[in-house]
1. State, to one decimal in nm, how far the label point of residue 147 lies from the label point of residue 101, with both points 7 Å from Cα in the Cβ direction.
2. Rank these for me by crowding, 54, 94, 114, going from fewest to most other beta carbons within 10 Å.
3. What ranking of 96, 118 emerges when the number of other C-beta atoms within 10 Å of each C-beta is taken as an exposure proxy, fewest first?
4. Let me check I've understood the local charge: for residue 96, count other residues with C-beta under 12 angstrom from its C-beta, Lys and Arg +1, Asp and Glu -1. What total comes out?
5. So if I restrict to the alpha-carbon atoms in segment 88-133, what is the Rg, and what is Dmax, the biggest pairwise distance, in Å?
6. Under 24 Å Cα-Cα from residue 87, which lysines qualify once same-chain neighbours fewer than 8 residues away are excluded?
7. Compute the distribution of all C-alpha to C-alpha distances in segment 60-162, in bins of 5 Å from 0, and list the percent of pairs in each, rounded to whole numbers.
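The numbers here are math on the coordinates, done by the rules we state, and not lab data. These numbers were taken from a predicted model, which means no experiment stands behind them. Quick reminder, even Gly has a Cβ in these numbers, built from the backbone with ideal geometry, and neighbours come from all protein chains shown.
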Amino acid sequence: MKRVVWIFVWLVCTQVNAGELNAANNPAMNPCIQRPELSGCGANGNGQAITNIINIPSHYGAIALDGSKMILGSSENNLKSLRAAKKEAVQDCINLGGTKTSCKVISFTRNGCIALALGGKGAGTQSFSSSRATAQEAESAALQGCRRDGGQKCYIAYSKCSRDPRYQVDRAVME
């Protein structure tokens, strides 16, 4: 009886291991077979481990707006810090004629893009800012927000990206 149990256990174990090997070699169950460059696959396509690490510095950007005078200040590709980018945007707003009390940071980004949309609203102006991965996404979100908040004839008043040129925004690689 013990011999029958051991044989049964041995058969079960060999089948489980064979199933694991088949899953590892099955392209439908293991995406690393078709795309070894994917994160977590551990090889660069020729069987060697990936060891290159590139440190790319962060770039910061900010928008400051004096809403009463509609004066826009900005900071682009600031390498120091987010705080420094915000301070630079407020100072730019003041230098262009805004006041220290009314120039307020309305949007900021780290290694991304910011956009500001303006549009008429009654006797005043509607503004909406957005921060996204790409300029197109930031502009689209800013325009949608401006229209959603009641702006008429919304347009992009400002759009810039703050990031190192080596910084890649590729959804296929990021996901």
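1. Placing both labels 7 Å beyond Cα along the Cβ direction yields 3.8 nm.
2. Numbers: 54 7, 94 18, 114 28.
By the 10 Å Cβ count, ascending: 54, 94, 114.
3. On the way: 96 15, 118 22.
Final ranking by Cβ density, sparse to dense: 96, 118.
4. Working: positive: 69; negative: 66, 92.
Charge balance in the 12 Å sphere: -1.
5. Every Cα atom of segment 88-133 included, Rg and Dmax give 12.4, 36 Å.
6. Partners within reach: 69, 100, 104, 160.
7. 3, 17, 23, 23, 20, 11, 3, 0, 0
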